[in-house]
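The values are calculated or read from the model by the stated rules, or taken from the named source; none is laboratory data. Everything quoted here is computed from the prediction, not taken from an experiment. All Cβ positions, even for glycine, are placed from backbone atoms using ideal geometry, and neighbour counts span all protein chains on display. Note: accessible area is taken over every heavy atom of the protein model, side chains too, but ligands, DNA and RNA are not part of it. Shrake-Rupley method; radii C 1.70, N 1.55, O 1.52, S 1.80 Å.
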Amino acid sequence: MTLRRYLILGGMVVFGAVGDVCLSRGMKGIGAISLSGLYQLVPAVFNPWVSVGILFLLVFFVSYATALSFADLTYVIPATSFGYVLIALMSQFLLDENVTVMRWIGILLVSGGVGVVAPGPSLTKRRRQQELMPTTFNTAPEGSNG
Amino acid sequence: MRAPLYTWLSIGLMVFASTAGDCLMSRAMKHMGSPIELWRKAGVWTVMRRMASSAEIWIAVAFMAVAFFTLLFALSWADVSLVVPAAASLTFVTNALAAKIFLHENVDRRRWAATILVCCGVALLAGT
């Protein structure tokens, strides 16, 4: 894994977490939506907080698509789960949500998955890799060294 | 206090839609290669044309849209610090299974260990 690729994974963490917190702030302002009032989700998209959240999540999506082009799905998702810690910190200090001690332990365990999986290989080595990857414009496979 | 039934039904739908979307997107991006490299070498229109011509990407985006609107629905009922980690962590487990079965990824002991850590974390998140 190169520094640039780690930066792309870092971008996923930050933009994903900030986007989710913005969505939460916006939806809390709108109030609870019942199953019979699902149409209310459409105007909710134009709420400023929800709109900003969507912009952040679009950047997250580009980072995510790029990450999936050079690493396995089962590497990318746990390697970026540090975002949960960011969400917990922001929801406690910015949204005044109650994050209990047990939730903190749960979030730490989830984040522990990052420490386990991140140093491992990022891409499955396979014979068909050359067939799957395009002949032009692709990034070099990482092999089994992550 | 336990989250309402709507919240957990929403989390279940988000997990299914996210897993389907993630697997399809992963498969499509492995075929396409890095969009940033492609952008640099052939321009933004080439990137957009390639992405727009991929049926897998369209279906993946449709599943992600379902997951997104379900997230909005769930966030109107429950705390973000419960909904997002619970749904994303459960998605991690289903993704590991789906990636092994459908994408033939090498989900080794290291990745399963991470899965177990996440499962324990979800159990704590859900029980508080």
Of residues in the range B:80-105 being crowded, with 19+ Cβ neighbours inside 10 Å and not in a helix (DSSP H, G or I), the one nearest to the other protein chains (Cβ to nearest Cβ): B:Glu105
Looking only at the range A:74-114, and only at residues there that are aromatic (Phe, Trp, Tyr) and either facing chain B (nearest Cβ under 7 Å) or without any contact (Cβ under 8 Å) to a residue 24 or more places away in the chain (or both), the one that is least open to solvent (accessible area, probe 1.4 Å): A:Tyr84
Verdict on B:Asp22 being of a type in the set (Asp, Glu) and within 22 Å of A:Arg103 (Cα to Cα): no
Could you look through the range A:16-36, keep only residues that are more than 17 Å from A:Phe93 (Cα to Cα) and buried (at least 22 other Cβ atoms within 10 Å of the Cβ), and pick out the one that is nearest to the other protein chains (Cβ to nearest Cβ)? A:Met27
Given the criterion open to solvent by 30 Å² or more (accessible area, probe 1.4 Å) and facing chain A (nearest Cβ under 10 Å), identify the matching residue among B:Trp45, B:Trp39, B:Trp58. B:Trp39
Would you check if there is a residue in the range A:53-64 being open to solvent by less than 30 Å² (accessible area, probe 1.4 Å), among the β-branched types (Val, Ile, Thr) and modelled with pLDDT of 85 or more? no
When you scan the range B:24-36, how many residues do you find that are outside any helix (DSSP H, G or I) and more than 8 Å from chain A (Cβ to nearest Cβ)? 0
Contact list, first residue from the range A:27-51 and within 18 Å of A:Glu97 (Cβ to Cβ), second anywhere and among the polar types (S, T, N, Q) and open to solvent by 70 Å² or more (accessible area, probe 1.4 Å), beta-carbon distance below 8 Å, six or more apart or interchain, is A:Ile30/A:Gln40
With the checklist (1) buried (at least 21 other Cβ atoms within 10 Å of the Cβ); (2) of a type in the set (A, V, I, L, M); (3) more than 18 Å from B:Met29 (Cβ to Cβ); (4) more than 9 Å from chain A (Cβ to nearest Cβ) in hand, flag the one item B:Leu75 doesn't pass. (4)
Taking A:Leu9 and the conditions (1) facing chain B (nearest Cβ under 8 Å); (2) among the aliphatic types (A, V, I, L, M); (3) in contact (Cβ under 8 Å) with a residue 12 or more places away in the chain; (4) open to solvent by less than 20 Å² (accessible area, probe 1.4 Å), which numbered condition does it fall short on, given that it satisfies the others? (1)
Tally of residues being surrounded by fewer than 22 Cβ atoms within 10 Å (Cβ to Cβ) and free of Cβ contacts under 8 Å to residues at least 24 places away in the same chain across the range B:63-72: 3
